[in-house]
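Note sheet for the following structure.
The values are calculated or read from the model by the stated rules, or taken from the named source; none is laboratory data. This is a predicted model, so every value here is computed, not measured. Positions of Cβ are backbone-derived with ideal geometry, glycine not excepted, and every protein chain shown enters the neighbour counts. The area values use the complete protein model at the heavy-atom level, side chains included, leaving out ligands, DNA and RNA. Shrake-Rupley method; radii C 1.70, N 1.55, O 1.52, S 1.80 Å.
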Amino acid sequence: RGVTLEMATAFTVGEMVASLDDSPFGALPLFRGGSGGKDQVLMLHDVEGLARAQAVGEHGIHVGGLQSARDAVAQGLLQADRFKFFFNQFEWVPGALQREVEQGLWSAGTIDSSLALRQVGSQSERPLAIQRKMGKVDYLDASQPLWDLLREHLPNTVSLETLLSRTPNIAEHGAESSAQRRGD
């Protein structure tokens, strides 16, 4: 499973999820994660140790923990823009994603969680910084498309086999991994 990182919908989280309308997340943009997923909303974030959240891979992305996140934001302990909401996701039968990568439809790689979770189109002023193998980038232009940022700052790409070997069986945890469609 995976999500398209920057396909914003015309809706906010609150407009599409009535129970979050009056929450700190209500005004956040809702992103379209993909065309599958049984019309569910998924929350990704970079908060380590959030109750009922589960890690997705080894790079600081987590899924779930909505009530704990809601409480922490309401108490002023966390900013709402550390949480990104997706409607639906992409799903593949076993082996299909690998074939699509081999056909050049997808690229596998590792990016910093701040890039994956940025709120494109929001009023977020959270600084974006990523570490690279060959130095440090102190600031990234939040208005720049993610794919352009990746081409500019991603030190290298990894094979799908390497990426999958570093990621637990996310289907068991109900979590989604991230993938970026080539050419978006």
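Tabulated data
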read-out	value
Which numbered condition GLY36 fails, given (1) small (Gly, Ala, Ser); (2) out of contact with any Phe, Trp or Tyr (no Cβ under 7 Å at 6 or more places or on another chain); (3) at pLDDT below 90	(2)
Of the criteria (1) open to solvent by less than 70 Å² (accessible area, probe 1.4 Å); (2) within 15 Å of the chain's Cα centre (by Cα), which one ALA72 fails	(2)
Top-ranked residue of the range 8-17 - restricted to ones that are over 20 Å from ASP71 (Cβ atoms) and outside any strand (DSSP E or B), ranked as most open to solvent (accessible area, probe 1.4 Å)	GLU15
Unmet criterion (only one of (1) under 23 Å from VAL120 (Cα atoms); (2) touching a Phe, Trp or Tyr at 6+ places or on another chain (Cβ under 7 Å)) for GLY64	(2)
Residues located in the range 51-60, provided they are buried (at least 20 other Cβ atoms within 10 Å of the Cβ) and modelled with pLDDT of 95 or more	ALA53
Tally of residues being assigned to a loop (DSSP other than H, G, I, E, B), touching a Leu at 6+ places or on another chain (Cβ under 8 Å) and surrounded by 18 or more Cβ atoms within 10 Å (Cβ to Cβ) across the range 18-34	1
Any hit, the range 87-96, residues being on the phi < 0 side of the Ramachandran plot, out of contact with any Gly (no Cβ under 9 Å at 6 or more places or on another chain) and either surrounded by 17 or more Cβ atoms within 10 Å (Cβ to Cβ) or aromatic (Phe, Trp, Tyr) (or both)	no
